[in-house]
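Working notes for the structure below.
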Amino acid sequence: MTHRSYIVGAVLLAIGFATMAVGHFIGLFVAPREAMMGDVGRILYVHVPTAWGALLLYSGAFIAAIGSMWTGRRGWDAATTAMVEAGTVMTFLLLVQGSLWARPTWGTYWTWDPRLTTSAVLAAAFGVVLLLRRLIDQPARRAMATSVATIVAFVDVPIVYFSVKWWNSLHQPVSNLGSVDSPMMQPLLIAAIAIMFIGAGLSILRFRIELARLVAEEAAPDLPDMPDPLHLEGSDKPVQAEGSPS
């Protein structure tokens, strides 16, 4: 089953990258230029699917975190970690893409626009989840802390999505079937499907690796307690073993 999972993950990645190549070819060479931004607007076919993929991965991590808290099973814990990691990678890619898009359209790589700010907070929040996981050695406490931190970080996901509706923003409105012309929708949807395959493939591969690590960690024997220091008769000073640090 484990070997099959790795094959499934690799196949999904291969399908995703192949589908992405098709979608980006159509977006770069077949789809019409964007009316206001010209060829610069073609980054839409990369940027928007990456955003959709990141938010979906975080949604999956939120569900897995609830499952981990509810059942205490390591499979849910591994799934939470896998999807948080994949989502965080996509969020950082999203921020880089957005900065590259902002420079020719807004005249700057970064501005504290509501969409950009909440996206940066999102990356930082889930980065903290991964850091917290590194800092806790005890498996049960680590799983619980990961779940709680993931659920708290997820609060920012709907804020990111609705930020362009709730506040005045330089960022374009939410991209959907009603806001994108049909000739541009085809490469956008193909790229979005590609991102879903890539996100699923990465999550499955990372899930299997993390689950194997958790199983090995649980099977590892506990180290014995440190022995009490030896004392010479009539002396309060402990005797150090040969080669031990002073």
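The values are calculated or read from the model by the stated rules, or taken from the named source; none is laboratory data. Bear in mind the structure is a predicted one, so any value in this text is a computation, not a measurement. We place every Cβ from the backbone using ideal geometry, glycine too, and count neighbours over all the protein chains shown. SASA here: full protein model, heavy atoms, side chains in, ligands and nucleic acids out. Shrake-Rupley method; radii C 1.70, N 1.55, O 1.52, S 1.80 Å.
Surface composition of region 39-84: carbon and sulfur make up 70 percent of the accessible area, probe 1.4 Å.
Each residue of region 125-130 was assigned a 3J(HN,Hα) from its phi angle through the Karplus expression (A = 6.51, B = -1.76, C = 1.60, θ = phi - 60°), giving 5, 6, x, 5, 4, 5 Hz with x at Gly and Pro.
Model label points for Val155 and Val8, set 7 angstrom from Cα along the Cα-to-Cβ axis, are 3.5 nm apart. Across region 55-65, rounded Karplus estimates of 3J(HN,Hα) from the backbone phi angles (6.51 cos²θ - 1.76 cosθ + 1.60, θ = phi - 60°) give 5, 5, 5, 5, 5, x, 5, 4, 5, 5, 5 Hz, Gly and Pro being marked x.
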